[in-house]
Structure formats: structure tokens, C-alpha cells
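Here the structure is laid out as C-alpha cells; the discussion comes afterwards.
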Amino acid sequence: MEASAVSFNPLLPWPFIAAGLAAAFALLVLTALRRGKGVVARGAALALLALALLNPRVVSETREKQPDVAHIVVDQSTSQSVGARRERSEAALAAVTAALSRFEGLEVKVARSRKGGGTSLFATLESAAAGTPAERFAGAVLITDGQVHDAPATLVGPLHVLLSGERGEIDRRIIIEKAPSYGIAGKSVTLVYRIEDRFSGAKEKTARVRIDIDGEEAETSQVAIGQSQRFTFTLNHAGKTVVELTADPREGELSTLNNRAAVAVNGVRDRLKVLLVSGQPHLGERAWRNLLKSDPAVDLIHFTILRTTDKDDFTPLRELSLIVFPIKELFDVKLQDFDLIVFDRYVLRGVLPLQYWSNIKNFLLKGGAILLASGPEFAGPRSLFRTDLGQVMPAKPTGRIMKKGFTPELTEAGRRHPVTAGLRPPWGRWFRQVLVETSGGVALLQGPGDNPLLVLQRVGEGRIAQMMSDHIWLWARGFEGGGPHGELMRRIAHWLMKEPDLEEESLKADVKDGRLIIQRRSLSSVTPEVTLTSPSGETFKLSLEENENGLATAEAAADELGLYRVSDGAKTALAAAGALNPREYADLRATEEILAPIAKASGGGVSWIAEGLPDFRRVRPGRGTAGRGWIGFRENRSYVVTGMTQTPLFPGLLVLSLVLIALALAWRREGK
């Protein structure tokens, strides 16, 4: 395509030319006023000289026409999966692309928004149009449900919107008004929520809400719609507790995606109160004390009974004690304040009356924890087994004691139990073990002849552990290389205090780097499939791969934002990808309220796909780009110059000749 125009390329700066021409014109006017001769010829010479100084040229350009660009952005957010929106959007995309491709000189570019983090269509449009010059921008089309979270105040247009939903949609949702981010384990916390029905003419006044805590039902109640509700619950353990609220759907509801809401509360343990009672001084006493004192979160109370059985001379205990043993305060008044009681080589000698052992047993049944580190006294007539506490012990002494060197070994259950899993020999030897018979519990360590060495058991709501040897201190001293005394003792204490990471039967899920990591631990070698439920409600079956430590794992892509649910039929685990309550679920109804003002300000229009697509037109700049039943795209007629030639209108010799001729005529006229 060729185009020509006249341009000026002055030989001197414009101020000099203007000043010279003004002075010459003034003299010419003065000559004319005095009726001088040759004015016309002099004027012609002056005009020719001015044209020569302005240096006019004919510029011819070779132009290449550039196509305009129309951008189409398709909403890929989760709310687009509601109803037939996704299908409508794809059908509209195909129709718009086909219609615009028929226009000559119009290029169509399609971009899709990313999933998660809110619906950011304008960020997608800005990124897609970054390489498009403004003079080639013909317009943009957003195919969406209208729930956009990054809408700007103004936008260069035209911007057209095609809505994938339908008018008058009905939606019910749960709103979390107030929720704590953390709380003290064992204490109660309160969250505030509200059910909201979003449609006109609501008839239902109440709705049923189910509340699950860590996947297990905690409460189901009928609550008033539109009114704030309070739910108070106790944090039963440290770590994350997920509370999930689910409202029953109503008739004609658009989707139940936002009928659920979740809250994660991080449980923080208060300082743990531990009572350590050493029945007699011995070499291993300091090992337990050092372990408990090394934990800054533990408040330790330690009593050692110094009187031994061979020094029983009927002297009153009150006269022998350095500090009077506060029996009633510890084992009656303040007993329930303790989290863990450790009896280290305790022997019955009348220090603690028998009726208090009933209190200790009840403490255990109601959720307390007891650790028995036994020595030879456990096999004798003054054994703790002869108290009420013996009724709930998993191991019964046979009366025999083995006194020879042996290396503790993991049992089959010990290889899988989180308290001992991963602990591997070589270990140093021990030299004494109380032989017992087990009536329950799980043996994790054993000595020669498969005799149980460490037994754990749940009793009522509490837990008890029995160690059948007092020689763990040999590992602490590094005898024959020692052993994992610190780690083993720490795990036993934390299991007794119900640390979630040490549960022998557990199912966990976590999201890392866009992957859902599933971990199932069990003492059973049978590994069932797990069912994965995505935030959008889709379910999948996953097979777990087991390792030698009793831990079975699986991975899956976590493409959606929200709460994932994993179940093995007995236990349920929850994991959140991104926000627990994504912004896309806040309001699922299609709307034009957000985008209509922006589209109108840019010269664009808004249409509902379900009511039919508008016509598509090309319009020239300066004209309207939307009307009743149609939307337009600017025809910018942009181009790039690929070649250019310049031809002077007044060559130097021609100008000089004409000026001389004009001056000669003026001289001749003046000479007459």
C-alpha cells in the first residue's frame, strides 16, 4: 500500500526564517505604500526564497497493514463448574471465535484465567494484552459468571461481558463471622457463624447444620437463617483441629459448594504438669529427671523416698523427711491437675495409703497418663501390682527376675508403632528384666525368650506404659555404645500425653507444593484403599504404598483450592489447599453488578449467554461499540511503514533560476 504527503524540512531554524520573512515582508509593504515599482516581482522573489528555505518535499511511504487484535478471556474458577456454566462458556467461546474469525484484518487471541486465589480475569487480560500495541487493540470479551475479584475502576475498551449463569439464581451459604486461629489444648474455644439464603422471597426460617471436628460428627442442630450462631468446643489435642460446618441444601439451590465452611484452630499445649515419684535412690533415677527437666514446657514435681526397706526402724515418716510428702494435696486435692504421673522403681512401704491408689486409678480412667519404670521390687510382695492400680495394668509380674546381659529387641508391633518405629540397633546391653505376663496392651520391646520389656495400653480415656527394667540409664551413660534412650523416653512420655504424631492408628493428609500427601499408620499389615474427596465434591480411590515402619503413603495432585477429605473407612483426615473457604465460594450466583459499570464506561456491553449471543460487528474509531443485541470491535486500520522516499519540490537550481528571473523583472520594472 502506497501513500504520499508533503512535508517541510527547513534549511534554517524556524525562528530565523520567521524573523527574516517578517522583515522582508515589512519592507515589501513599505515599498507598496510608497508606490514603488517592481513590488510584485520582488514579492515573487521573496516567496520563492521562503519556499526554498522551507524545503518542501513529497514523502512517499510503503505501508503494511496490521491486523487488529481481539482478546477473549475465559473464566476457569471453581464457580464456573456450577450447573451448565462450563459447557455454556465453551460453546460461547467457540461461537465468538468463529464469528470474529470471519472479519478480515482481525486476530483473535484466547486466554484462560488461572485457578485459585480468587477470580482474576483482569490480571489475565493484562498479561495477554501486554504485547498488543494500543493502536491495534480492537476490544476484549470476558466469558465469566460475573464474580470477579480484581475488577479495576476504569479500563481502556471496549470491554464486553458474556455471562455464563442465569438470572435469579438461588444460593445458600455458611459465613464464618468469627473464629480463633489458636487455643489452649484442653480448653474450650468458640466460633461464630451465620447461614445466609441469597434469593428473594425466602420462606424457610431455619436450616439444619452439622458440625464435624476432625472428620467426626460433634453436633447437629436446627438454627435460624440470617442470625449469628455460636458453637463452643474443646480442643482435645495439640496441633491443628479442623472444624467443618455443613448446612442442608434448600430446594432449587444452585450448588452446595458453599454450604460447607471450615475453620482450622491450632491447639497449643499449656505447660504440662508432671509428677515424678522415685521409690528409692538408684542409678537410673536421674535419667528420667533430666529428660523431664530438659523440656521447657514441663512443670516437674519430683519426690524421692529415701527410706529403704532394710532400714525400717519404726521412726515416723514426718521425722525422716527433708520435705514432708504432701500426700493428700498430690493424690487427692490436686491429682487431676497433673497430666502425667511417673512411678520410678516405686515400692509399697506405707508411704502412700492404699485408698489413694483408687484415686490414681480413677485419674487414669478419666484421661490421665501413668508411666511405671519398674525394677526388681515389681516382682516382690510390695509390688504396685497389688494395689487398685494393678487392676488396669497390662503386665502382671510372674515373680521371676532375669539377671543376665541382653540386648533389647523390637517386636513386630514395635517396628510399626510410632513410639519405637525407626529406632534401629546396634544398642548396648541391659542386665536385668522383670518377667511378666501380658493381659492386654501392645509390647514394643522384648528381651530374651520374647519376654515383654515395654508395654503400652489405653485404659478408659487414659494411657499407661510399663517398662520392665530399670537399666535404661546404661544407654544414657553410653555403655557399649549406648542406645536411643532420650528419643525413646521422649516418645513414651509424648504418647502418654496424647501427642497426635505418635498415634499408632492414624490417617494424615497435608498439601505441599501443589501435591496432596497422604500418610496412614497402623499396627495392622493390611492396607486398605483410601477415598479422596476434592473440594468440589469429586471422589477418587487411591492405593497406599507401605514401608517397613508401618507407614503407608500416597500422593495426588491438589489442583483445587479448599478442603480435601481422605477416609479409609475408619478414620478421616482433612487437608486444606490454600484458603479453607475460597473466595470463589463466597457467592456462587452469576451477576452483572460487578462488571456492568466497567463495561459501560469502556463502551462495551453485557449479555447473558443463556438468552442468546449478540451479533458481532466492526466499527470505526469514534463510533459506538455496543448496542441493543450487538457488540462491536474497533477497526483501527493500523499499519507499519516498510519503505519511504522523499522528493524535493524545489531543487536548488530551479529555485535560484526563478529568484534571479524575479529579481531581473523587478530591476527592469524599476529601470523604466
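Nothing in this text is a laboratory measurement; each read-out follows from the coordinates by a stated rule. Please read these numbers as outputs of a predicted model, since none were measured by experiment. Cβ: placed from backbone, ideal geometry, glycine included. Neighbour counts: every protein chain shown.
Below are the figures for this structure:
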read-out: Sites ALA218 and LYS334 - FRET efficiency at Förster radius 22 Å, r taken between beta-carbons, to 0.05; value: 0.10
read-out: Hits among aspartates and glutamates - C-alpha to C-alpha of LYS498 under 12 Å, sequence gap 8 or more where chains match; value: ASP339, GLU461
read-out: Cα-centre dipole for segment 506-577 with unit charges at Cβ (Lys and Arg positive, Asp and Glu negative), debye to 20; value: 260 debye
read-out: Candidate lysines for bridging to LYS396, where Cα separation is under 24 Å - those fewer than 8 sequence places away on the same chain excluded; value: LYS361, LYS366, LYS404
read-out: Of LYS512/LYS541; LYS178/LYS205; LYS205/LYS600, those spanning more than 29 Å from alpha-carbon to alpha-carbon; value: LYS205/LYS600
read-out: Net charge contributed by nearby residues that have their C-beta within less than 10 Å of GLU555 (K/R +1, D/E -1); value: +1
read-out: Two-decimal ratio, segment 171-269, of alpha-carbon radius of gyration to 2.2 N^0.38 Å; value: 1.12
read-out: Gained length - ALA98 relative to GLN355, 0.36 nm times residue gap less alpha-carbon distance; value: 83.6 nm
read-out: Per-residue Cβ neighbour rank within 10 angstrom, fewest leading, HIS160, HIS237, HIS494; value: HIS237, HIS494, HIS160
read-out: Length gained when the stretch SER127-THR304 is fully extended (0.36 nm per residue, less Cα-Cα span); value: 56.5 nm
read-out: Ordering of 135-147, 413-425 by packing [mean C-beta count within 10 Å, highest first]; value: 135-147, 413-425
read-out: In order through segment 608-620: 3J(HN,Hα) via Karplus (6.51 cos²θ - 1.76 cosθ + 1.60), integer Hz, x for Gly, Pro; value: 9, 4, 4, 9, x, 7, x, 6, 10, 9, 9, 10, 7
read-out: Calculated FRET efficiency for the pair THR553/ALA151, C-beta based, R₀ 30 Å, to 0.05; value: 0.10
read-out: Size of charge dipole - segment 171-269 - debye, nearest 20, with Cβ of Lys, Arg +1 and Asp, Glu -1, no other charges; value: 340 debye
read-out: Segment 171-269: relative contact order in percent, alpha carbon pairs under 8 Å with at least 6 residues between; value: 37 percent
read-out: Share antiparallel - DSSP beta bridges, segment 171-269, percent rounded to 5; value: 90 percent
read-out: Amide H within-cut-off set for GLU635, under 5 Å, with H built and near neighbours excluded; value: VAL619, ARG620
read-out: For segment 506-577, radius of gyration divided by Kirkwood radius, i.e. Rg to Rh on alpha-carbons; value: 0.95
read-out: Per-residue HN-Hα couplings for segment 181-192 [Karplus 6.51, -1.76, 1.60; θ = phi - 60°; Hz; x = Gly/Pro]; value: 8, 8, x, 8, 4, x, 10, 8, 10, 10, 10, 10
read-out: Virtual spin-label span in nm between THR234 and ARG112, 7 Å along Cα→Cβ; value: 5.0 nm
read-out: Separation of the ALA264 and ILE175 label points, Cα + 7 Å toward Cβ, nm; value: 2.4 nm
